[in-house]
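**Q** Got a structure here, written out as C-alpha cells. Questions coming.
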Amino acid sequence: MAGPGPPGLRRFLLRLLLSLALLAGPALHATQVLPIGAIGRLEALLYDTLLRGTAPGGVDERIVILDIDEKSLAHPQLGRWPWDRDELGLLVRRLFDDYGIAALGFDVVHAEPDRGGGAAAIEAFLKAQPAPQPALLGQLERTRDRYDRDAAFAQALRGRPVVLGYYLNSAPDAPRLGALPAPVVPASALKESRGTVTSWRGWGANLPRLHEAAAGAGHFNALLDSDGVTRRVPVIAEIDGAYYESMTLALARLVTGGGEVVPVYAEGGAGYRELERIDAGAVSIPVDRHGAALVPFRGPERSFTYVSLADVRDGRASRAALEGRIALVGTSAPGLLDLRTTPVGPAYPGVEVHANLLAGMLDQTLLRRPAFMTGVESAVLLAGGAVLTLGLPLVGPLAAIALTLATVGAGVALSVGLWTTQQLVLPFAALLVAAGLLFAFHMSWGYLVESRRKRQVTALFGQYVPPELVDEMARDPSNYSMEGRSAELTVMFSDIRGFTTISERLPPRELAAFINEYLTSMSLQIRQHKGTLDKYIGDAIMAFWGAPVPDARHAAHAVEAALAMQAALGALNARCQERGWPGIAIGIGLNTGTMSVGDMGSRLRRAYTVMGDAVNLGSRLEGLTKRYGVCIMAGETTQRAADGYAWRELDRVRVKGKIEPVAVFEPLGRPQDLDAATQATLAQWHEALAAYRAQRWDEAEALIGALRCQAPDSALYALYAERVQALRARPPGADWDGVTAFDEK
C-alpha cells in the first residue's frame with residue numbers, strides 16, 4: 001500500500017505529534033518527574049478499588065483488639081478515659097495471668113503522671129489536720145510506692161511482652177513529652193538514600209518509669225494521603241537525625257524473636273540509592289522512599305476479634321478468644337477521636353489499621369511498590385500509548401473502542417496479576433488517562449476530518465446527486481471519490497422536440513424562464529428517482545444512474561424517471577399554456593452498459609460525467625425517437641435489466657459508428673397498469689413485427705393496417721407501412737436480418 005502523499009503525510013505527522021503531546025502529562029506523572037494531582041487522585045481511587053476487590057476477608061484470629069468502647073467508658077470502675085493506672089495494671093495482669101495472651105500493644109499513650117491514688121489522698125488529709133503529723137508523714141513517704149498508681153502500672157508491665165505506643169508531632173512548636181525509646185537505626189544510615197523518611201519535631205511519649213518497665217515502644221502515627229485517606233504507616237520515622245520504629249514493627253520484632261533493624265536499598269548507576277525495605281530478623285517490610293508501608297487491609301471494620309475491656313475487667317471475656325493471641329489496646333468509641341478514613345471504611349478504628357499492618361508483617365504479605373515499578377509503569381504506558389497512537393488512526397469507531405478497551409484491559413490484567421501473585425503495586429491510572437485522552441483526540445480528529453470530508457462530498461456531488469444520496473455518501477465518504485472508474489451504469493439523454501422553433505418565438509427573457517421551468521421540472525423527476533444529473537446542453541439533459549452511489553436497480557430507476565418525466569409534461573404544458581408559451585414534447589434515450597465515470601475535463605474546467613460507447617449509443621437512441629414517433633427509446637440491455645415493465649419492441653438498428661445491431665424498445669409502464677385494449681394492441685404489434693421480419697409482407701401489411709385504423713396518427717405504424725411497400729417492391733433476399741442502418745447521428 002502506498003504511503004500518504006505530502007498533505008496526508010503532514011496530517012499524519014501532526015496527528016502523531018499531538019498524540020505524543022497528550023502522552024507527555026501521563027508520562028511525567030508515571031516517572032514521578034511531575035506528579036499530576038488529578039491522575040494521583042484517580043490512581044488512589046483505583047488502588048482502593050483493587051484493594052477492596054482482592055481483600056481476603058474473614059477474621060484473623062491471631063490478633064485481638066481490646067476495645068475501649070462505649071461499654072468500657074460506662075463501666076463503674078473504669079469510667080471515662082484516661083483510666084486510673086492501677087486499673088490499667090490490673091487489666092495487664094489479668095490479660096497475661098488469667099487469659100494467657102502472647103503479647104500486648106498499646107495504641108494509647110501515658111504521657112502524664114496519674115494525679116489520683118491513695119498516697120496523694122492520705123498526704124493531703126494529714127497536711128490538712130490542725131496539728132502536724134510528722135511520724136505519719138514519714139511512714140507514708142517510706143511506703144509511697146505501695147499506693148502509687150503509676151508505680152503499680154509499671155510493676156504490671158515489667159517482665160511482660162508489652163509494647164507501649166506514642167505519637168509524633170510535626171508542628172513547629174510541638175511539645176516533647178515523655179521518654180522516647182532508643183533509636184533503631186543510626187543517624188547516618190539513611191542520609192545517602194534517595195527520598196526522605198518522614199521527619200517529626202515533637203512527641204507525646206510515655207512516662208519514663210513506664211517506658212523503662214515495658215519491653216518496647218513505638219510510634220502509632222499513620223499517614224494521610226492528599227485525599228485524606230489513610231493507606232500507609234511510617235515503619236520508621238526521623239527525629240533529630242535518629243530513626244525510630246513504629247509500634248507495629250516493635251510488636252512484630254517482639255513476637256518473632258527480635259532482630260536488628262536494617263534498612264535495605266535499591267541501588268543503580270550514577271550513585272542511585274533508594275530505600276526499598278526494612279529488615280528486622282524474620283520480618284522483612286517493603287517500604288516506599290519515605291519509609292512507609294502500605295497497609296494490607298483484609299476487609300472492612302471488624303476483620304479482627306474485638307473484646308471489650310469492660311469484659312476483661314470483670315472476667316467475663318472468653319479465654320479461648322484471647323489465649324495465645326497478640327492483643328492491641330485501642331478504641332472504637334467516636335468520642336476518643338481515633339477513627340480514620342481508609343480504603344475499606346470512612347470511620348475505621350485506628351487500632352485496626354495497626355492490626356492489619358501487623359498481620360501483614362507476620363504473614364510477609366505486605367504490598368510492595370519497589371523503585372523499579374516506576375520503570376515498569378512507564379514501559380506499560382509507553383507500549384499502550386504506542387499501540388493507540390499508531391492503531392487508532394487506522395480503524396473505525398467500533399474498532400477504536402475495542403482497541404482502547406483491549407489496551408486498557410491488558411494494563412489492568414497485568415496490574416491485577418502482579419498484585420495477586422507478587423504483591424506488587426503497578427499503578428495504571430496514567431495508562432487509563434492516556435488511553436482516554438488518545439481515544440477522545442483521535443475520535444475528535446476523525447469526526448472533524450470526517451465532517452470536512454462530508455462537506456467536500458456534499459460540495460462535489462450535491463449539484464449532481466439527489467440530497468438523500470448525498471446524505472448516504474456523507475455517512476461514509478471514504479467509499480466515494482471522483483476518480484475515474486469503469487462500471488455498468490444507465491445513461492439518459494433528453495431533448496425538446498423543435499426547440500429551435502420555440503426559441504425563435506419567445507423573447508430572450510421569456511425563453512430563459514421557459515427553459516428554466518422545463519429543466520427544473522425534468523430534473524426534479526430525475527432526482528426523485530435516484531439519478532445523477534450530469535449536465536444541461538442547451539435544452540438537452542444528460543443524466544445517469546448507478547454512480548457515484550452504487551445502485552443495483554439503476555436501469556429500472558432510469559426507466560421510472562423517464563416515464564415520470566413524460567407524465568410531468570402534462571402539468572408543465574398546462575402552465576406553459578397559461579403563460580402563452582408553446583407546448584413541449586420531448587424525446588428520451590436510455591441505454592445500459594459499461595462506461596467510464598469520474599471527474600473528467602481539462603485543467604480549466606472539469607465535471608463528474610460518463611463516457612464510452614454505451615453513452616454514445618444512449619445519445620443516438622434519443623435522436624431516433626423522432627424517426628419512430630415515440631417519446632422514450634431504450635436499448636436492449638436496459639430492457640433486460642429493468643424488469644417489471646411492459647415493452648414494445650421498435651426495431652433492430654445499427655447506428656453510425658457501430659457494427660453490431662441492437663434491439664430498441666419503448667417502455668409502456670407496469671404490465672398491471674395497462675388496460676386490456678392496450679395489451680391487445682401490443683400483442684397485435686408484436687405479431688406484425690414478427691411477420692415483417694419473416695418477410696410475410698401481406699400478413700404484415702394487414703396487421704399494420706389494422707393498427708393504423710386504431711391510431712391513424714402513429715408515426716411508428718406509418719413508418720413500417722412504408723417499409724413493407726418498399727420491401728415488397730424490392731425484396732431484400734433470404735439473408736436479410738431485419739436490421740435498419742442509420743448513417744447519420
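Nothing in this text is a laboratory measurement; each read-out follows from the coordinates by a stated rule. Owing to the predicted nature of the structure, the values given are computational and were not obtained by experimental measurement. All Cβ positions, even for glycine, are placed from backbone atoms using ideal geometry, and neighbour counts span all protein chains on display.
**Q** Hey, can you grab everything whose amide H is under 5 Å from the amide H of Thr198? Only 5+ residues off in sequence or another chain; H modelled, so Pro and N-termini drop out.
**A** Those qualifying (amide H under 5 Å, at least 5 residues apart or on another chain) are Glu238.
**Q** Mind giving me the FRET efficiency for Ala410 and Tyr265? R0 is 45 Å, r the Cβ-Cβ distance, nearest 0.05 is fine.
**A** Once rounded, the FRET efficiency stands at 0.90.
**Q** Moving on. If you add up the charges near Tyr99, with Lys and Arg at +1 and Asp and Glu at -1, over every other residue whose beta carbon is less than 13 angstrom from its beta carbon, what do you get?
**A** On the way: positive: Arg93, Arg94, Arg160, Arg313, Arg316, Arg319, Arg325; negative: Asp97, Asp98, Asp311, Asp314, Glu323.
Here the count lands on +2.
**Q** Let me ask you something else. Filter the DSSP H helices in the chain by two things, a Kyte-Doolittle mean of at least 0.5 and an axial alpha-carbon span of 15 angstrom or more, and list the hits by number.
**A** Qualifying helices, which must be both long enough and hydrophobic enough, are 6-30, 350-363, 372-391, 397-422, 429-461.
**Q** Let me ask something else about it. Ratio of region 60-363's C-alpha Rg to 2.2 N^0.38 Å, to two decimals?
**A** The value comes to 1.08.
**Q** Any chance you could run the full-extension gain for Ala282 through Arg316? It's 0.36 nm times the residue separation minus the Cα-Cα distance, nm to one decimal.
**A** Full extension from Ala282 to Arg316 adds 8.7 nm.
**Q** Taking Kirkwood radius over Cα pairs in Å as the quantity of interest, determine which of (1) 27.2; (2) 35.6; (3) 33.5 was computed from the displayed structure.
**A** Here Kirkwood radius over Cα pairs in Å agrees with entry (2).
**Q** Using a Cα-Cα cut-off of under 15 Å, which aspartates and glutamates could be cross-linked to Lys71, ignoring same-chain neighbours fewer than 8 residues away?
**A** The reachable aspartates and glutamates, counting only those whose Cα sits under 15 Å from Lys71, are Asp311, Asp314.
**Q** Working out 0.36 nm times the residue gap between Leu16 and Arg670, then minus their Cα-Cα distance, what length gain in nm do you get to one decimal?
**A** Between Leu16 and Arg670, full extension yields an extra 229.6 nm.
**Q** Given points 7 Å out from each Cα along the Cα-Cβ axis, report the Ala171 to Asp643 separation in nanometres with one decimal.
**A** 9.4
**Q** Related question: Using mean Cβ contacts within 10 Å as the protection proxy, how do 529-537, 255-263 order, highest first?
**A** 529-537, 255-263
**Q** Could the peptides 219-228, 588-597 be put in order, highest first, of the mean number of other beta-carbon atoms found within 10 Å of their residues?
**A** Sorting 219-228, 588-597 by mean packing, highest first, produces 588-597, 219-228.
**Q** OK, next. List Met542, Met443, Met633 from most exposed to least, where exposure is judged by having the fewest other Cβ atoms within 10 Å.
**A** Lowest to highest Cβ neighbour count: Met443, Met542, Met633.
**Q** For Leu223, what charge total do you get from the other residues with a beta carbon under 11 Å from its beta carbon, if Lys and Arg give +1 and Asp and Glu give -1?
**A** Net charge in that neighbourhood comes out at +1.
**Q** How do Asp363, Asp698 line up, fewest other C-beta atoms within 10 Å first?
**A** Neighbour counts put them in this order, fewest first: Asp698, Asp363.
**Q** How much length is gained on full extension from Trp736 to Gln32, taking 0.36 nm per residue of separation minus their Cα-Cα distance?
**A** Gain in length upon complete extension: 243.9 nm.
**Q** Which of the aspartates and glutamates could be linked to Lys658 by a straight reach, that is with a Cα gap under 18 Å, when you skip same-chain ones fewer than 8 residues away?
**A** Once the sequence-local aspartates and glutamates are set aside, what remains near Lys658 is Asp613, Glu622, Glu636, Asp737, Asp743, Glu744.
**Q** Would you mind getting the Kirkwood hydrodynamic radius of region 286-442 from its Cα pairs, rounded to one decimal in Å?
**A** 19.1
**Q** Here is a further query. Using alpha carbon coordinates only, what is the Rg to Rh ratio of region 675-745, with Rh defined as the Kirkwood radius?
**A** Numbers: Rg = 12.9 Å, Rh = 12.9 Å.
Here Rg/Rh amounts to 1.00.
**Q** If you place +1 on the Cβ of every Lys and Arg and -1 on the Cβ of every Asp and Glu, how big does the dipole about the Cα centre of region 479-671 come out, in debye to the nearest 20?
**A** 260
**Q** Still on this structure, I have one more. For Val353, Val380, Val163, which order do you get if you count the other beta carbons within 10 Å of each Cβ and list the fewest first?
**A** Sorted ascending by nearby Cβ count, the order is Val380, Val353, Val163.
**Q** Where in region 48-117 are there trypsin sites (Lys or Arg not before Pro) that are in a DSSP coil and have at most 12 other Cβ atoms within 10 angstrom of their Cβ? If you can, show how the numbers build up before the last one.
**A** Numbers: sites: Arg52, Arg62, Lys71, Arg80, Arg85, Arg93, Arg94, Arg115; in loops: Arg80, Arg115.
Passing both the DSSP loop test and the Cβ count: Arg80, Arg115.
**Q** Could you sort the peptides 197-206, 650-659, 571-580 by per-residue average Cβ neighbour count (10 Å cutoff), highest mean leading?
**A** 197-206, 650-659, 571-580
**Q** Compute the FRET efficiency between Trp81 and Thr420 as 1/(1 + (r/R0)^6), taking r as their Cβ-Cβ distance and R0 = 35 Å, and round to the nearest 0.05.
**A** On the way: r = 41 Å, r/R0 = 1.17.
The value I calculate is 0.30.
**Q** Here is a further query. Binning every alpha carbon pair distance of region 10-93 at 10 Å from zero, what are the percents per bin?
**A** 13, 20, 16, 16, 15, 10, 6, 4, 0
**Q** Just to be sure I understand: of the beta bridges DSSP finds with both ends in the chain, what percent are antiparallel, rounded to 5?
**A** Here the antiparallel bridges make up roughly 65 percent for the chain.
**Q** Shifting gears a bit: First check a/c for region 540-653, with a ≥ b ≥ c the square roots of the eigenvalues of its C-alpha gyration tensor; if it is under 1.5, answer rounded, and if not, answer prolate when a/b is larger than b/c or oblate otherwise.
**A** oblate
**Q** A further question on this structure: Using alpha carbons only, what's the Rg to Rh ratio of region 479-671 with Rh from Kirkwood? Please list the in-between numbers first.
**A** Numbers: Rg = 16.6 Å, Rh = 17.1 Å.
Taking Rh as the inverse mean 1/r over Cα pairs, Rg/Rh reads 0.97.
**Q** Output wanted: per-residue J couplings in Hz (rounded whole) for region 532-540, from phi through Karplus 6.51 cos²θ - 1.76 cosθ + 1.60, θ = phi - 60°, x for Gly and Pro.
**A** 9, 6, 8, 7, 10, 10, x, 8, 8
**Q** Right, here's the next one. Report the local net charge at Ile502: Lys and Arg +1, Asp and Glu -1, summed over other residues whose C-beta lies under 11 Å from its C-beta. List each step's numbers first, then the result.
**A** Working: positive: Arg497, Arg505; negative: Glu504, Glu510, Asp539.
After counting each charged neighbour, the total is -1.
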